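All remarks here apply to the structure that follows.
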Amino acid sequence: MQLKFIKLTFFILSSAILQLCFSTKAQEIYDQQVEEILARMTLDEKIGQLVQIVGVDGYREELIRQGKTGSILFGNDGPEEVNKIQRIAVEESRLGIPLIFATDVIHGCQTIFPVPLAEASSWNPELVKTASDIAAFEAASMGIRWTFAPMVDIAHDPRWGRIVEGFGEDPYLGGNFAAAKVKGFQGENGLDKTQIAATSKHYIAYGGAEGGRDYNSVDISERTLREVYLPPFHSAVQNNVASIMSSFNDLNGIPSSANYFTLTEILRNEWNWDGVVVSDWNSVGELVYHGFAKNKEEAAFLGFNAGVTIDMVGDTIDGNVYLPNLKNLVERGRIPIEKIDEAVRYVLQMKFKLGLFENPYVDVKFFEQNDLKKSYKDSIALQLANESIVLLKNENNLLPLNKNIKSVALIGPLADNQEDLLASWAAFGDEENVVTVLQGLKNILGDDTDINFTKGCNINDEDTSGYEEAIEISKVSDVVILVVGEEREMSGEAASKTNLDIPAVQENLIKRIYATEKPVIVVLMNGRPLTINWISENIPAVVEAWFLGDQTGNAISEVLFGDYNPSGKLPVTFPRSTGQIPIYYYQKSTGRPFEEEDKFTSKYLDSPNTPLYPFGFGLSYTSFSYENIEVDKAIINKNDSLNVSVDVTNIGKFAGNEVVQLYIQDVVASVTRPVKQLKGFEKINLQPGATRTVSFKITTDMLSFLDRDLKSRVEPGRFKVMIGGNSEDLISTSFEVIE
Ligand code: BGC
């Protein structure tokens, strides 16, 4: 009877919510409902909402029945299975609180899009938003309503394998993509049943792991924390991200999953954010291994008190640290019940926002009737893959190739490889849907061109028995396309490396093919910047394709044969050697800025300072000139703004897209500032011969920095403004800020 009453109340109130959408009124109704439920919950049931289990078996079904878990990771084998498990929570548990099903939907759910580092190379957040929206729809249709994405960790270190999961080295660019992904997953007007809750992760500074070794410690100043690592998280928060994941690493001696300063003072007090903090996989339990908690109970105490709302799966069936320990901690008075209530509120709010109380089950019919067309999803995947490709070198305009070419040799272990192209975190992607480069070339070339294909070698062993055939087919073909790089497992979690060269067996194959003196194009597939000095020096055309997902082969073929003019720009610096790492464009000038002739300036004896390819770099089949950079005011007041404009002209023969990039330097400040920082960008399309005047509004928040007391302010003085097509080739002007 009581249960029915509650369910009825849910129904009436949540219908009202639908109409009110996300108004303050709706928030008030949520609050009221949350309070009603809270008032009925036992301590066990409250703690249950703070526990996340992985998968479902008999033991876990019982936990659900007892209200001892609130969410499930990887428990979704399709909508029927989800509905079956949900029914246990809704119909068999005392209060009928629905579960949330979570899965890592990172770059697509069933339709697989380019990996995030590639997405960032598109410099097209709008398109990435659309792709994330599709991913959300597919996930929701399976019953997944919570994803652990976007990963917004800034990374300066390509040794760190997880660099593939993020948007590269720049906080501003990262912030733009963080916002786009959150908006794509969650929608912008409240979550309907086709959307999913997003999680920005891994909070915080996980990408700063010392030596690029995954899970390693991070020791950085609060300034670096605030200037580099926090901004993309802040952007996610400003876009109402539903949850944030606390990371594995320790930060300046305090593990991130027990860090009151970052989890509570910054997230709750400074940013006023009221979402759910979910731990990373057992990262609260791992406080014991950090040597920070003496046992799991203490770990639960420290993690919870610092601000971790939900404990993600432990290492054993009952390894959750919250499930066995929070109750004791409350009963012994170490954790006040009010703090538990506060955490439960965040979880229930999230469930209300997802509409789970009203629609706990997957509406299979709705998704069948409203399914997105495959052709639409594939076209977005193809467009994003096209835009993610970065042309690194194109000597004597070897590319684009002519479709009338008689024969092509296609060689390399990644040329006809579906599995690796799905890359890290492919959710429910199916390798059968991946168009390989071999298939893509067939699609674009038809029967008139001979495509001579052989693998040549594997990705990473010592077997060279395929070399001879590769050399033979190269000799009889007009051009050679070599598709080389990394296995999917070579980047992503727990995939740190000290050597960033292409595996030797592939590099030697490239050298042997090069020796045939045929025109050679290298297409790279990899999840991190690689040290490709020899290739870059000797091979006339080099294409960075990262991992592009389902449409890989079509996108690459369209680029190679000129149906798509490449426009991708690197979101991360390519070093010449691992010895240069960390290397990123927004470094400081130092007191001894580099000078060629002067030994006692900041430099290496055995390597240039410059990277192999700088941040923001990427070629096109056409060229763009930048001229007439102008500010509309030479002097502005501290609270004023100004415009800077530049004329960009397509001076080549092809229509093309260009990413116009704006960088600013505060020339003299009370704290040393980077030599440049990205502050704006715009992707434009220009026909041959056409000129566009691109302007950016420069507002004072773009000029502010954290002073010695870490307070944001604008200081009077000169500011240099630089605009160009990458972080090195820039034209500049300046203006003055006065008090
Ligand atoms: C990863 C997270 C991921 C989680 C759940 C962890 O190992 O660090 O990024 O979201 O597993 O799959």
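The values are calculated or read from the model by the stated rules, or taken from the named source; none is laboratory data. These figures come from a predicted structure and were not determined experimentally. All Cβ positions, glycine included, derive from the backbone under ideal geometry; neighbour counts span all protein chains shown. What goes into the accessible areas is simple: the full protein's heavy atoms, side chains included, and nothing from ligands, DNA or RNA. Shrake-Rupley method; radii C 1.70, N 1.55, O 1.52, S 1.80 Å.
For Thr531, the amide hydrogen comes within under 5 Å of the amide hydrogens of Leu500, Asp501, Ile502, counting only partners 5 or more places away or on other chains and with H modelled in the peptide plane. For Val523, the residues 5 or more places off, or on other chains, whose built amide H falls under 5 Å of its own are Leu482, Val483, Val484, Val543.
Counting Lys and Arg as +1 and Asp and Glu as -1 over every other residue whose Cβ lies under 14 Å from the Cβ of Glu507, the net charge comes to -3. For segment 98-115, backbone phi angles converted through the Karplus equation (6.51, -1.76, 1.60; θ = phi - 60°) give residue-by-residue couplings of x, 8, 10, 9, 10, 8, 6, 9, 9, 10, x, 10, 9, 7, 9, 9, x, 4 Hz, Gly and Pro being listed as x.
So in the chain, what percent of DSSP beta bridges are antiparallel if you round to the nearest 5?
On the way: 48 of 91 bridges.
In the chain, DSSP labels about 55 percent of beta bridges as antiparallel.
A crude spin-label estimate for the pair Glu81 and Lys633, with each label 7 Å from Cα along the Cβ direction, gives 6.0 nm.
Which GluC sites (Glu not before Pro) from segment 414-490 combine a DSSP loop assignment with at most 11 other Cβ atoms within 10 Å? Numbers along the way, then the final one.
On the way: sites: Glu419, Glu431, Glu432, Glu462, Glu468, Glu469, Glu472, Glu486, Glu487, Glu489; in loops: Glu462, Glu486, Glu487.
Hits after loop and neighbour filter: Glu462.
Return a whole-number percent for the relative contact order of segment 548-693, with Cα pairs under 8 Å and 6 or more residues apart as the contact set. Computed value for segment 548-693: 24 percent relative contact order.
Expressed as a whole percentage, what fraction of the accessible surface of the chain belongs to carbon and sulfur atoms when a 1.4 Å probe is rolled over the protein heavy atoms?
Working: 13090 of 27970 Å².
Of the solvent-accessible surface of the chain, carbon and sulfur hold 47 percent.
Among residues other than Val721 with Cβ under 13 Å from its Cβ, the summed charge is +2 (Lys and Arg +1, Asp and Glu -1). Each Cα pair under 8 Å and six or more residues apart adds its sequence gap; the mean of these over the residue count of the chain is a relative contact order of 13 percent. Using C-alpha pairs below 8 Å separated by at least 6 residues, the relative contact order for segment 153-299 is 23 percent. Taking trypsin sites (Lys or Arg not before Pro) in DSSP loop states with no more than 11 other Cβ atoms inside 10 Å as exposed sites, the chain has its longest site-free stretch at 1-293.
Rounded to the nearest 0.05, what FRET efficiency do Ser577 and Ile337 give with R0 = 60 Å and r taken as the Cβ-Cβ distance? Could you check? Calculated value: 0.60.
Which parts of segment 701-725 would a label at Val668 reach, counting a residue when its backbone N lies under 14 Å from a point 7 Å out along Cα-to-Cβ? The answer is 715-720, whose backbone nitrogens lie closer than 14 Å to the label point.
Here is the link list: Lys46/Lys294; Lys603/Lys720; Lys193/Lys365; Lys497/Lys588. Which ones come out longer than 18 Å on Cα distance? As for pairs spanning more than 18 Å Cα to Cα, those are Lys46/Lys294; Lys603/Lys720; Lys497/Lys588.
Rolling a 1.4 Å probe over the protein heavy atoms gives segment 27-175 an accessible area of 24 Å² per residue. Assuming charge only on the beta carbon of Lys and Arg (+1) and of Asp and Glu (-1), the dipole of segment 588-739 about its Cα centre is about 320 debye to the nearest 20.
The angle between the Cα long axis of helix 337-353 and the main principal axis of the chain comes to about 60°, on a 0 to 90 degree scale.
Rounded to the nearest 10 degrees, the angle from helix 296-306 to the longest Cα principal axis of the chain is 80 degrees. The chymotrypsin sites (Phe, Trp or Tyr not before Pro) of segment 539-641 that meet both conditions, a loop assignment by DSSP and at most 16 other Cβ atoms within 10 Å of the site Cβ, are Phe594, Phe600, Tyr604. Please give every one of the lysines within straight-line cross-link reach of Lys377, meaning a C-alpha to C-alpha distance under 16 Å, and leave out same-chain neighbours fewer than 8 residues apart. Reachable lysines: Lys129. Assuming charge only on the beta carbon of Lys and Arg (+1) and of Asp and Glu (-1), the dipole of the chain about its Cα centre is about 1560 debye to the nearest 20.
For segment 365-375, backbone phi angles converted through the Karplus equation (6.51, -1.76, 1.60; θ = phi - 60°) give residue-by-residue couplings of 4, 4, 5, 5, 6, 9, 3, 6, 5, 4, 5 Hz, Gly and Pro being listed as x. For chymotrypsin sites (Phe, Trp or Tyr not before Pro), the sites in segment 261-346 that DSSP calls loop and that have at most 16 other Cβ atoms within 10 Å are Trp271, Tyr289. Our helix-only sum for the chain, with -39,500 (n - 2.57) per DSSP H run of n ≥ 4 divided by its residues, gives a mean residue ellipticity at 222 nm of -9000 deg cm²/dmol.
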